[in-house]
Amino acid sequence: MKVPECRLLLVDDHGMIREGLTALLVGADGLNVVGEAENGQEAISQCRELQPDLILMDLNMPQLDGVSALTLIHRRWPEILIIALTSTVSEHNAAVALEAGASGYVLKRSSRDDLLGAIAQVCAGKVFIDPALDRSQVESLRSGQTSSGITLTERERQVLKLVAEGSRNRDVAEVLCISLKTVETHRLNLMKKLDAHNAADMTQWAYRLGLLGAE
């Protein structure tokens, strides 16, 4: 499948992966890697500056994770296409990424031809889900809710992930640029929604919701 002309932004916190992707995509007609970012916040800045057509985005990154970043980018620049590029074979993670605004979910183990095929399909307006996943299960999970029927806001997801990673309230406030009081309020709301009594319970929920363990 022919890949159309496309300005591409690579987002991954590992420099070797970005270099590998650049080398992998060199020579593909129409593809032009215009920039790189190592976290979600940098990705947003690069979108503002470079105005890419397509983003290949890792899901597990420091400061601002891929799901949070693609949510913000999709809301602000809905014309930018986003493909989640991850090592995690997870129908749940795929459903979360697609609900957040991604148009594709591709595994990092994919071949060059498979990646180019995914890019071509997404650029053609189609949704691409890696063949290693159960597409019907992904679609059934795209309800925007957890399996328990608990709905979390995007900010609550961000706070939960950071808390599960061991961040203190002050650290969370600094990373998300919100007040300490706001963090404390989000944390209390999360504990009530999830019936979590301590940080360990919240960490278990973060894994269950696919906020940890994705690469």
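The values are calculated or read from the model by the stated rules, or taken from the named source; none is laboratory data. Nothing here was measured: the structure is a model prediction, and the numbers come from that model. Please note: Cβ atoms are built from the backbone with ideal geometry, for glycine as well, and neighbour counts cover all protein chains shown.
List of remarks:
- Residues (surrounded by fewer than 20 Cβ atoms within 10 Å (Cβ to Cβ) and within 26 Å of Thr88 (Cβ to Cβ)) located in segment 165-186: Glu165, Gly166, Ser167, Asp171, Val175, Leu176
- Only residues that are buried (at least 18 other Cβ atoms within 10 Å of the Cβ), touching a Lys or Arg at 6+ places or on another chain (Cβ under 9 Å) and aliphatic (A, V, I, L, M) were counted in segment 32-43, giving 2.
- Annotation note: of Ser103, Ser68, Ser87, Ser111, the sole residue that is at pLDDT 95 or above and among the small types (Gly, Ala, Ser) is Ser103.
- Restricting segment 45-58 to residues that are part of a helix (DSSP H, G or I) and surrounded by fewer than 18 Cβ atoms within 10 Å (Cβ to Cβ), the residue that is nearest to the chain's Cα centre (by Cα): Ser45
- Residues of segment 147-164 satisfying the condition of being loosely packed, with under 15 Cβ neighbours inside 10 Å, part of a helix (DSSP H, G or I) and aliphatic (A, V, I, L, M): none
- Residue within segment 59-74 that is in a strand (DSSP E or B), surrounded by 21 or more Cβ atoms within 10 Å (Cβ to Cβ) and in contact (Cβ under 8 Å) with a residue 60 or more places away in the chain present: no
- Residues that are among the aliphatic types (A, V, I, L, M) and not in a helix (DSSP H, G or I) were ranked within segment 11-31; the one that is surrounded by the fewest Cβ atoms within 10 Å (Cβ to Cβ) is Val26.
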